[in-house]
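Comments concern the structure below.
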Amino acid sequence: MAGTAASAGTPARVLVTGASGGFGAPTVARLRERGARVVGLDVAGDAGDDVLACDITDSSAVEAAVAETVRRLGGLDAVVHFAGIGIPNDAGGPLEPDALRVIDVNLLGAWRVTAAALPALLAGRAERGGQRGRAVFVASELAYLTLPFVSAYSVAKRGMSAYADALRLEYGTQLHVSTVYPGYVRTGIHAAGREVGLSLEGQVRREEVEDVVGTVLRTLTARRPPRDTACTRAGNVELWAGRHLPGVVGAIAARRIRTQAAAGRFDGSPLAAGLVARLTGREVPLERSPQ
């Protein structure tokens, strides 16, 4: 298939990671509605729906899946990175297994897929009439807003932002690179936190799936895609503050965590027992009481 854009400037051939997830599935559907051909990668794939099973922590699997994607589409015009997991962790605790797994999936997985897809993205420029390919990285507000028990996730998403910056610096003459920073959205990624009594619900700015999907689609179709963007007006204000006033944002977050710890918000989680003791002097049970 030729690499010219589908309707309304939409890239014609798109690879989406995390394609069966809360953001990936609606994005794939919307892209197809606009006439794009899309292949997805997901740890739970379905070859019949052009979603390939792929563990993005496995370099060989990534290389094979991306090669199959390029074969099916006849080239590649854009890559969107949604794939991610969230497992709470103690910043002073062991790296393995949970923290390392989060970093491997969220950061290194995006790196592996990008590296495998880059030759096709660059080669397709002639078919696009000289237009650059596109890479969209979906990070998180936790890339610039630090909260307790999500250190691995924050490291991965902040690292993703840095990787996107490096990719833009080295390949920006051939590739548009954008990073999107969603707030809290009720998707399956938060299940692990809820299970250990550390839900982010009410901790950070709430957004909806459409805020994220719509932002990604606008980024993919913009004549001049943004370098960095949040998904709402409030999100962009927060992003600016996180970038330019990190001390202020950090102080506000620390004060809020102290208040919540004193009010007992974290008492139901064994993982938070040490933090509660350090901030309040209170001892909390090491096992959660039955719900």
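Computed from the coordinates by the stated procedures, all read-outs in this text should not be read as laboratory data. Note that the structure is predicted; figures quoted are calculated from it, not measured. Note that each Cβ is placed from the backbone with ideal geometry, even for glycine, and that neighbours are counted across all protein chains shown.
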Original post:
Membrane-span-like helices in the chain: DSSP H runs reaching 15 Å or more (Cα, own axis), mean Kyte hydropathy at least -1.0?
Top reply: 59-73, 109-123, 151-171, 209-221, 233-244, 246-262
**OP:** Go through Val43, Val136, Ala156 and say which Cα lies farthest out towards the positive end of the charge dipole of the chain; charges sit on Cβ, +1 for Lys and Arg, -1 for Asp and Glu.
**Re:** Val136
Original post:
Which far-off residues, 5 or more places away or on another chain, put their amide H under 5 Å from the one on Gly133, with H placed in the peptide plane?
Top reply: His176
Original post:
So in region 14-153, what percent of DSSP beta bridges are antiparallel if you round to the nearest 5?
Top reply: 5 percent
Original post:
Most exposed first by the Cβ proxy, i.e. fewest other Cβ within 10 Å, how do Phe137, Phe82, Phe149 rank?
Top reply: Phe149, Phe137, Phe82
Original post:
Which of these values of Cα extents along the principal axes in Å was calculated from the structure shown: (i) 66, 37, 28; (ii) 65, 37, 32; (iii) 74, 41, 34?
Top reply: (ii)
Original post:
Got a sec to turn the phi values of region 130-144 into Karplus ³J(HN,Hα) couplings, 6.51 cos²θ - 1.76 cosθ + 1.60 with θ = phi - 60°, whole Hz, x for Gly and Pro?
Top reply: x, 6, 6, x, 9, 10, 10, 9, 9, 8, 5, 4, 6, 6, 10
Original post:
Can you put Arg128, Arg278 in order, fewest other beta carbons within 10 Å first?
Top reply: Arg278, Arg128
**OP:** Give the long-range amide H neighbours of Val16: residues separated by 5 or more places, or on another chain, with amide H under 5 Å away, using H modelled in the peptide plane at 1.01 Å from N.
**Re:** Val39, Gly40, Leu41, Val80
Original post:
Within a Cβ distance under 15 Å of Arg258, other residues only, what is the Lys/Arg minus Asp/Glu net charge?
Top reply: +4
**OP:** Post the alpha-carbon centroid distance, region 189-256 to region 96-126, in whole angstrom.
**Re:** 22 Å
**OP:** Write down the percent of antiparallel bridges among all DSSP beta bridges whose residues are both part of the chain, to the nearest 5.
**Re:** 5 percent
Original post:
When the dipole is taken about the Cα centre of the chain, and only Lys, Arg (+1) and Asp, Glu (-1) are charged at their Cβ, what size is it in debye, to the nearest 20?
Top reply: 1120 debye
Original post:
Restricting attention to the alpha-carbon atoms of region 140-276, what are Rg (one decimal) and Dmax (integer), both in Å?
Top reply: 16.4, 52
Subject >> Contact order normalised by residue count of region 191-291, Cα under 8 Å, 6+ apart, percent >> reply: 22 percent
